[in-house]
Amino acid sequence: MHDLRRQALESGKTVSRKARSRVVSGANSKSNSALNSPAQSRAASRNPSRHGSDEDDYLSDGTAWSTNSIEDILNSDDADVPADAWKAELHNRVEQIVDRKRSSTEGRAESLNAYAHILMARFAKDDIESRTAELLPSILRSIKAETSERETVTALRALAVTIVTLDSDDLYDSAADLLRRTISNSESTQVKIGAIHALGTAAFFGGTSEEELEDNMAFFLDIIESDGLSIDAHDEGSVVIAALEEWSLLATAHDDLEEATETAMEAFVEQLESADAGVQGAAGEAIALLYEKSYTPLEDDEEPEPASDHDHDSDDEPRGEQKLVKRYTVYRRQDQLLHTLDALANASSRRISKKDRKTLHSTFADIRNSVEKPTRGPKYSTAIDQETGRVYGGGRMKVKINRSCEVRIDRWWKLQRLNALRRVLQAGFTHHFDENEAVSRCLPFSMSGR
């Protein structure tokens, strides 16, 4: 239901604008995708604050597209190339995907790759909506048949970007059962990862009831609790990372997580002991999200309780925002948790690479801050602004959309949604944010001061 997906969004929404056609170059120059290899790409995809721009290091392409002609069409400045040449190419790719009788496994994989690449780079809802009845079953057949890993993984990527593009309530029911079976039964780790991400995308964007949302969260939690054993992927860190990421995405759409918190926290705290730095980071961010969700705005008929040493500071809340109050206890052994987070924020083991150590230190310093003060989001700063005399607070992590628009990532729920959209849209995120309402309504934006 659209209402479910629109809940818990902050104010500040304005009418989206039609932007100039643009695509971030270099999307096909990377070899490890967040969909195909989350463990390797996690440092780039999970922490926007550690990069100088909203492009570059986030983005990786999955497989070698081998579609240089598509890139030429999308990025060409040649006056002889029509501005809408990509539409003709998209039409051809759709025809190739739909006409399975005259296609080979490799041919379908190539067509699905090119199709997904165009949909990431351009908002093409008007161009594919009329073909949904043919296109979606064909993509699902490529997933179900699992003729080759490459075709299946590219079909899962194509399904996810199609769901975000179409923004329809009818898509979840068409794909959910197949995706669950694929996650459970596929012998390919990469297929399992792709199907987990596709299921999370379908549940968030494709139209689900609250009960279905909770069922999917429970399914992902089983994977996390069992270290992947529940889907025959025992000790596959990349599978556990994917489940943690999608559980967290769905949690951002849930109004009240009190009943789910205790079981989830036990699983996430245990994953902090993982030997995989990516698993530790994803678990830590899920923990920070649960602490954040335990605070909600003060109701009109409520009186604020007196502040205590364990409550948040008044400076934690930006001016003009509602006062947040604690609703329930997230974890009873918080002192022990803080000790673990301190250790991770200062990890120095030689078994951890220098890059992973740097990521862990920065990530877990933020997570610890939020566990201790749940109204503080990622990259909260206690430094004093010399001009105002107030702490800088949240909002120092920003994603530039264009010259006049930016997204402030001052809450963990925003970071989870940003990362989910990055996984699906990759280099096309900013373009979709401008033109695709399904994307822009997920993350409130503000006008840039520059």
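The values are calculated or read from the model by the stated rules, or taken from the named source; none is laboratory data. The model shown is predicted, which means the values in this text are computed figures rather than measured ones. Because the Cβ atoms are built from the backbone with ideal geometry, glycine has one as well, and the counts that use them run over all protein chains shown. The accessibility values were calculated without ligands, DNA or RNA, using every heavy atom of the protein model including side chains. Shrake-Rupley method; radii C 1.70, N 1.55, O 1.52, S 1.80 Å.
Note on exposure: 108, 180 ranked by accessible area (1.4 Å probe, complete protein assembly) read 180, 108, with the most exposed listed first. What is region 158-260 by shape, rounded, prolate or oblate, if you read a ≥ b ≥ c off the alpha carbon gyration tensor as root eigenvalues and call it rounded for a/c under 1.5, prolate for a/b larger than b/c, and oblate otherwise? It is oblate, given that a/c is not under 1.5 and a/b is not larger than b/c.
The figure for residue 150 is an accessible area of roughly 60 square angstrom, using a 1.4 Å probe on the protein chains alone.
Between residue 214 and residue 92, the simple spin-label model (points 7 angstrom out along Cα→Cβ) gives 5.1 nm. Each Lys and Arg Cβ is given +1 and each Asp and Glu Cβ -1; about its Cα centre, region 110-263 then shows a dipole of about 1040 debye.
For the set 326/358; 293/379; 326/398; 87/400; 323/400, the pairs lying more than 25 angstrom apart at their alpha carbons are 326/358; 326/398; 87/400; 323/400.
For residue 398, the residues whose amide H sits under 5 Å from its own are 409, ignoring neighbours fewer than 5 places away on the same chain, with H placed 1.01 Å from N. Ranked by solvent-accessible area (1.4 Å probe, protein heavy atoms only, all chains present), the residues 245, 95, 299 order from largest to smallest as 299, 95, 245. Once all protein chains are placed together, residue 412 keeps about 10 Å² accessible to a 1.4 angstrom probe.
Couplings for region 206-221, taken from phi via the Karplus curve 6.51 cos²θ - 1.76 cosθ + 1.60 with θ = phi - 60°, read x, x, 10, 7, 5, 5, 5, 4, 5, 4, 5, 4, 5, 4, 5, 5 Hz in order; Gly and Pro are left as x. Remark: the residue 126-residue 396 segment gains 93.6 nm on full extension, using 0.36 nm per residue and subtracting the alpha carbon distance. Measure out, as a whole number of angstrom, how far apart the alpha-carbon centroids of region 192-246 and region 82-117 sit. With region 192-246 and region 82-117 each reduced to a Cα centre, they are spaced 29 Å. Amide H contacts of residue 326 (H built 1.01 Å from N, in plane; Pro and chain starts excluded): no residue 5 or more places away or on another chain comes under 5 Å. Residues in region 266-274 carry Karplus couplings, in order, of 4, 5, 6, 4, 4, 6, 5, 8, 4 Hz; the curve used is 6.51 cos²θ - 1.76 cosθ + 1.60 with θ = phi - 60°, and Gly or Pro positions show x. When the residues 252, 340 are ordered by accessible surface, computed with a 1.4 Å probe over the protein chains alone, the sequence from largest down reads 340, 252.
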